[in-house]
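The values are calculated or read from the model by the stated rules, or taken from the named source; none is laboratory data. Computed from a predicted structure; not experimentally measured. Virtual Cβ from ideal backbone geometry, glycine too; neighbours counted across all protein chains shown. Accessible surface is based on the protein model in full, side chains and every heavy atom, while ligands, DNA and RNA are left aside. Shrake-Rupley method; radii C 1.70, N 1.55, O 1.52, S 1.80 Å.
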Amino acid sequence: MSGVPLFNLAPNLTVSRLCLGTMTFGEQNTLPQSFRLLDQAFDAGINFFDSAEMYPVPQRAHTCGKSEEYLGRWIRQRKIPRDRLVIATKVAGPSGQMTWIRGGPKCLDAANIIEAIDNSLLRMQMDYIDLYQIHWPDRYVPMFGEIEYDPVRQYTSISVEEQLEALSTAVKAGKIRYVGLSNETPYGLMKFIQVAEKCSCPKIVSLQNSYSLLCRTFDSAMAECCHQESINLLAYSPLAMGILSGKYFPGGGPIDARFNLFKGRYSEGESRYNLSNKVIKAATEEYLNIAKAYGLHPVSLAIAFVLRHPLVASAVFGATKSWQLQEVLNACKIELTSEVIEEINKIHSRFPNPCP
């Protein structure tokens, strides 16, 4: 394998700086299509693959777990040595909507976490998971487009101690190697770090939050937390669900693009990446103009911007077609000049974080 740079995320955990997300596998991508994308990514030097028990999206009872299943089948059929791959997946936090996942899921108590780990291992037919992440917190936090914290919405939640102790049990049993968080806040990250130290539980090694030209909220309080605690960001949605590729503006994009294909069925994505939002449209068009002015592909501009961040270990991206994957791979060869960054920051100051 060659081509994609590597990053030491933790001791004995070296990941490629691009991570192929699998949340389209089993919905937009058939098994053969998924295998072709995985082959292409692996051959290009990507060793890092991310999934979740609730994938693919939009989530449905009929397809739940297919992404993990396809990933595991690919590893077995291609006979890839397990130590050449870094496999990440996630346990769903409480939502109440996905009744097919442990009744909602209702909470992230120890029993739910252990059951989720066991089920993911079973679906992927593997002995261990390299990086296991809490998909979103078991407590009220503003997420997926919300930006203001409302104390009234707080509810009784499972303690961080219980969650970490369950994850510690799984580490000791050899089921998972490392622990990460996702869609977390600065308070949540620091609380997990504090409790882990007090209880001698596994250290949090990564944070998977969104980061892109249209969402730089990480750069405020969270960046300081990660820097001081030596935790790196796995930046998901670096293309803002494809918006930064330019395919939606002008003209609305191809009919098989995610927001057109699942219009009205993907509330989490549509709430954050609202194509009718004039600010999102204006900001995106400005970034597309920068790419054109400097002779860059819009995907290269967006991915290269994310990868230049000193706290980003890997950019977690999705692709449904081979040419889309190749565009992201090409971005690894791009280094943005100080002039380009200056232009980007001017736009950011005018349109700060329209996709939080």
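Assorted remarks:
- For the chain, the relative contact order works out to 18 percent when only alpha carbon pairs closer than 8 Å and six or more residues apart are counted.
- Helix 338-350 axis versus longest C-alpha principal axis of the chain: approximately 80°, rounded to the nearest ten.
- Amide H partners (placed H, <5 Å) of residue 206, local residues excluded: 181
- Rolling a 1.4 angstrom probe over the chain with all protein chains present gives an accessible area of which 51% lies on carbon and sulfur atoms.
- Rg over Rh for region 229-356 works out to 0.95, using Cα positions for both radii and the Kirkwood form for Rh.
- Summarising the label geometry, the points placed 7 Å from Cα in the beta-carbon direction at residue 265 and residue 140 lie 3.2 nm from one another.
- Straight-distance candidates among the lysines for linking to residue 106, with alpha-carbon spacing under 19 Å and chain neighbours fewer than 8 residues away dropped: 90.
- With all protein chains kept in place, the per residue accessible area of region 1-122 amounts to 38 square angstrom at a probe of 1.4 angstrom.
- Spacing of the modelled spin labels on residue 152 and residue 339, each 7 Å from Cα toward Cβ, amounts to 5.3 nm.
- Alpha-carbon radius of gyration plus Dmax, which is the widest Cα pair, for region 230-280 in Å: 12.5, 43
- Angle in degrees between helix 66-78 and the longest Cα principal axis of the chain, rounded to the nearest 10: 90 degrees
- For residue 74, neighbours were defined as the other residues whose beta-carbon sits under 15 Å from its Cβ, and their charges (Lys and Arg +1, Asp and Glu -1) total +4.
- Using R0 = 35 Å, the C-beta based FRET efficiency linking residue 159 and residue 282 works out to 0.20.
- Put simply, the convex hull of the Cα atoms in the chain casts, on average, a shadow of 16.8 nm².
- Protection proxy ranking, peptides 21-31, 323-333, average beta carbon neighbours within 10 Å, highest first: 21-31, 323-333
- In Hz, Karplus ³J(HN,Hα) per residue of region 290-307 (6.51, -1.76, 1.60; θ = phi - 60°; x = Gly, Pro): 4, 4, 5, 5, 9, x, 10, 6, x, 5, 4, 4, 5, 5, 4, 4, 5, 5
- Stokes-Einstein translational diffusion, region 41-90 - Kirkwood Rh over all Cα pairs, 0.692 mPa s, 37 °C, in µm²/s: 282 µm²/s
- Region 14-75-region 286-339 distance, computed between alpha-carbon centres (Å): 21 Å
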